[in-house]
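Enquirer: Here's a structure for you.
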Amino acid sequence: MVKPVLDGTVALVTGASSGIGAATAASLSAQGAAVALAARRADRLETVAAGIRDQGGTALVLECDITDEQQAVGAVERTVAELGRLDTLINNAGVMLLGPVSGAPLPEWQQMVQLNVLGLLYCAHAALPHLLRAAAEGPRQVADMVNISSVAGRAARTGNGVYSLTKHGIGAFSESLRQEVTKRYVRVSLVEPGATATELASHNRPEVLQAIRSQFGQTMDASDIADAITYIVTRPRHVAVNEMLIRPTEQER
């Protein structure tokens, strides 16, 4: 019997309580990875973990807020301590708060920078030494960091100014880090989803949410993005997928 591609490896997924994070954790588990699930909603994490365990997988629940540096570091350290290693980091946690710049509530901007940028950086910084070790000593001799961006990381448009700022920043950081570590076989990949049916839009103010919904046409499922992430991290050691832009077929931009 052929072993699953990720057998013997460990993955940490942030924002794993729903949507893309939950779907990705389940998909990586199906490929043989033990998964650590990080998010703030412990009850939702337990539900995701139960589904993984029901399929014979290993899941560790990490209730944490990665905008707090110590909690982000703690999530990485607990993953390594309890699951034995870290081969894959999926930086998925994020928030999208849209609307005009003029008159925008400043706390919304702060929340996006804290989670989309600082939270990702805290996790990346804490995880990198473990990923480098996994690439040098691990079962696959390669490790992965996948950073989830957005089509907004490609183009700024009216109403997404600060959200787009954070996602452009993720792209710049990812490419710089990729160049730094790629010859050490830590692959850094950027995934840029288009319209996807998740909870992401639901955190907006009612008037903004109504405008967003009026623009939505065809959407993808969270499992579509999870499938793309799984494709990236299951490539053979000599293949790196640096960037993947994914839109619903009907989405024009």
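Enquirer: Could you figure out which of (1) part of a strand (DSSP E or B); (2) out of contact with any strand residue (DSSP E or B) (no Cβ under 8 Å at 6 or more places or on another chain) isn't true of Asn147?
Expert: (2) is the only condition that Asn147 fails.
Enquirer: Give the range 228-253 a look and list any residue that's more than 13 Å from Ser149 (Cα to Cα) and charged (D, E, K, R), or say none.
Expert: Correct list: Arg235, Arg237, Glu250, Glu252, Arg253.
Enquirer: Also, quick follow-up: Which of the residues spanning the range 49-68 are under 20 Å from Asp7 (Cα atoms) and aliphatic (A, V, I, L, M)?
Expert: Ala49, Ala50, Ile52, Ala59, Leu60, Val61
Enquirer: From the list Val142, Val151, Val146, which residue is surrounded by 17 or more Cβ atoms within 10 Å (Cβ to Cβ) and out of contact with any Asp or Glu (no Cβ under 9 Å at 6 or more places or on another chain)? Lay out the reasoning, then the answer.
Expert: Numbers: Val142 fails: out of contact with any Asp or Glu (no Cβ under 9 Å at 6 or more places or on another chain); Val151 fails: out of contact with any Asp or Glu (no Cβ under 9 Å at 6 or more places or on another chain).
After applying the criteria, what remains is Val146.
Enquirer: Can you confirm whether Ala136 is of a type in the set (A, V, I, L, M), at pLDDT 90 or above, surrounded by fewer than 17 Cβ atoms within 10 Å (Cβ to Cβ) and in a loop (DSSP other than H, G, I, E, B)?
Expert: It is false that Ala136 is of a type in the set (A, V, I, L, M), at pLDDT 90 or above, surrounded by fewer than 17 Cβ atoms within 10 Å (Cβ to Cβ) and in a loop (DSSP other than H, G, I, E, B).
Enquirer: List every residue pair whose Cβ atoms sit under 9 Å apart, with the two residues 6 or more apart in sequence or on different chains, where the first one lies in the range 25-45 and is free of Cβ contacts under 8 Å to residues at least 24 places away in the same chain and the second, anywhere, is charged (D, E, K, R).
Expert: Short answer, once both residue conditions are applied: Ala42/Glu63.
Enquirer: Could you please let me know if Thr58 is surrounded by fewer than 23 Cβ atoms within 10 Å (Cβ to Cβ), in contact with a Gly (Cβ under 8 Å, 6 or more places away or on another chain) and hydroxyl-bearing (Ser, Thr, Tyr)?
Expert: Criteria not met by Thr58.
Enquirer: Let me ask you something else. Which of the helices (runs of 4 or more DSSP H) contained wholly in the range 12-116 include at least 1 residues that are more than 30 Å from Arg237 (Cβ to Cβ) and touching a Ser or Thr at 6+ places or on another chain (Cβ under 6 Å)?
Expert: By residue number, 42-54, 106-112.
Enquirer: While we're looking at this one, here's another question. For the range 239-246, does any single residue satisfy the condition of being at pLDDT 95 or above, charged (D, E, K, R) and within 21 Å of Gly94 (Cα to Cα)?
Expert: yes
Enquirer: Does Leu165 satisfy being more than 20 Å from Ile20 (Cβ to Cβ), surrounded by fewer than 19 Cβ atoms within 10 Å (Cβ to Cβ), at pLDDT 95 or above and in contact with a helix residue (DSSP H, G or I) (Cβ under 7 Å, 6 or more places away or on another chain)? It would help to see each step written out before you state the result.
Expert: Values: more than 20 Å from Ile20 (Cβ to Cβ): yes; surrounded by fewer than 19 Cβ atoms within 10 Å (Cβ to Cβ): yes; at pLDDT 95 or above: yes; in contact with a helix residue (DSSP H, G or I) (Cβ under 7 Å, 6 or more places away or on another chain): no.
Taking the combined requirement at face value, the residue does not satisfy it.
Enquirer: Among the residues of the range 168-181, which ones are crowded, with 17+ Cβ neighbours inside 10 Å and not aliphatic (A, V, I, L, M)? First the steps, then the outcome.
Expert: Kept after step one, since they are crowded, with 17+ Cβ neighbours inside 10 Å, are these residues of the range 168-181: 168-171, 173-174, 178, 181.
Once the filter is applied, which keeps residues that are crowded, with 17+ Cβ neighbours inside 10 Å and not aliphatic (A, V, I, L, M), the range 168-181 yields His168, Gly169, Gly171, Phe173, Ser174, Arg178.
Enquirer: Inspect all residues belonging to the range 57-70 and state whether any of them is in contact with a strand residue (DSSP E or B) (Cβ under 9 Å, 6 or more places away or on another chain), more than 17 Å from Gly15 (Cβ to Cβ) and among the hydroxyl-bearing types (Ser, Thr, Tyr).
Expert: The answer is yes, given that some residue of the range 57-70 is in contact with a strand residue (DSSP E or B) (Cβ under 9 Å, 6 or more places away or on another chain), more than 17 Å from Gly15 (Cβ to Cβ) and among the hydroxyl-bearing types (Ser, Thr, Tyr).
The values are calculated or read from the model by the stated rules, or taken from the named source; none is laboratory data. Since the model is a prediction, treat every value here as computed from it, not as a measurement. Note: ideal-geometry Cβ built from the backbone for every residue, glycine included; neighbour counts use all protein chains shown.
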